[in-house]
1. Out of Gly54, Gly116, I need the residue that is more than 18 Å from Ile156 (Cα to Cα) and either open to solvent by less than 10 Å² (accessible area, probe 1.4 Å) or touching a residue at least 40 places away in the same chain (Cβ under 8 Å) (or both). Which one?
2. On the basis of being farther than 18 Å from Phe91 by Cα and either part of a helix (DSSP H, G or I) or in contact with a strand residue (DSSP E or B) (Cβ under 6 Å, 6 or more places away or on another chain) (or both), does Ser173 make the cut?
3. Residues of segment 69-107 being farther than 20 Å from Ile24 by Cα, without any contact (Cβ under 8 Å) to a residue 60 or more places away in the chain, surrounded by 21 or more Cβ atoms within 10 Å (Cβ to Cβ) and touching a Phe, Trp or Tyr at 6+ places or on another chain (Cβ under 9 Å), which ones?
4. Based on what the data block shows, is Val64 assigned to a helix (DSSP H, G or I), under 21 Å from Leu200 (Cβ atoms) and either in contact (Cβ under 8 Å) with a residue 60 or more places away in the chain or open to solvent by 30 Å² or more (accessible area, probe 1.4 Å) (or both)?
5. Quick test for you: out of Asn179, Asn154, pick the one residue that is surrounded by fewer than 19 Cβ atoms within 10 Å (Cβ to Cβ) and within 26 Å of Gly49 (Cα to Cα).
Amino acid sequence: MKKKNTFSTNKLVMAALLSALAYILMFVGRVPMIAFLKYDPKDVIIMFGGIIFGPAMTILISLVVSIIEFMTVSGDGIIGLFMNVLSTISFVTVATIIYKRTNTLKGLISGLIVGGLLTTLVMVAWNYIVTPWFLDISREAVVPMLLPIITPFNLIKSVINSTIIILLYQPVSRAMRTNKIETENQTHTGYIILISIITLISSVILVNIINNL
């Protein structure tokens, strides 16, 4: 029992450290890209949290960093907080789940590809819902923004983050082996259900968008 408590404490300390690092990267690495959309590299750190500790860690760090960002530097309000968490879950958590099936570079690349495509689908769908509130415009005015703005932004963001993660994977893996850090393999059923619900809702929204074109 004592060992379990110690491990839990160490895990929380690591979550706090990764959250702090992700926040710093977000703060110094925010770059305006297209229209009102900004790129930041915090998902890189969150992904390595997932590689070491599993999908639950990606959700925890995403929540912590997004809430602190909401309270400090973000001007996007509660909508920005929601979209930040949704973006990370659909990209990093999915990539982590797929990676954990093999714990190899090939599995990581597969996970990042699937996560990148899914987060693009999810963010296109949910921007259709929330952007009218965020920009105070009609939903009809949002539709022309989806393909030329929202879609390429999320694809570019995913490619940049995926490239950085892949480049850092081997050095991080060697450091983990050197320091005898063991990765965790968890049961992913609950996370798969969560992702499935997000994907289903997003797909329904996309069908509605297509029907209204």
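The values are calculated or read from the model by the stated rules, or taken from the named source; none is laboratory data. None of the values given here were measured: they were computed from a predicted structure. Cβ: placed from backbone, ideal geometry, glycine included. Neighbour counts: every protein chain shown. The protein model used for the area step is the full one, side chains on, heavy atoms only, and it has no ligands, DNA or RNA in it. Shrake-Rupley method; radii C 1.70, N 1.55, O 1.52, S 1.80 Å.
1. Numbers: Gly116 fails: more than 18 Å from Ile156 (Cα to Cα).
After ruling out the rest, the residue left standing is Gly54.
2. Details: farther than 18 Å from Phe91 by Cα: yes; either part of a helix (DSSP H, G or I) or in contact with a strand residue (DSSP E or B) (Cβ under 6 Å, 6 or more places away or on another chain) (or both): yes.
Yes; evaluated as a whole, the condition is true for this residue.
3. Answer for segment 69-107, where residues must be farther than 20 Å from Ile24 by Cα, without any contact (Cβ under 8 Å) to a residue 60 or more places away in the chain, surrounded by 21 or more Cβ atoms within 10 Å (Cβ to Cβ) and touching a Phe, Trp or Tyr at 6+ places or on another chain (Cβ under 9 Å): just Thr96.
4. no
5. Working: Asn154 fails: surrounded by fewer than 19 Cβ atoms within 10 Å (Cβ to Cβ).
That would be Asn179, the only listed residue that is surrounded by fewer than 19 Cβ atoms within 10 Å (Cβ to Cβ) and within 26 Å of Gly49 (Cα to Cα).
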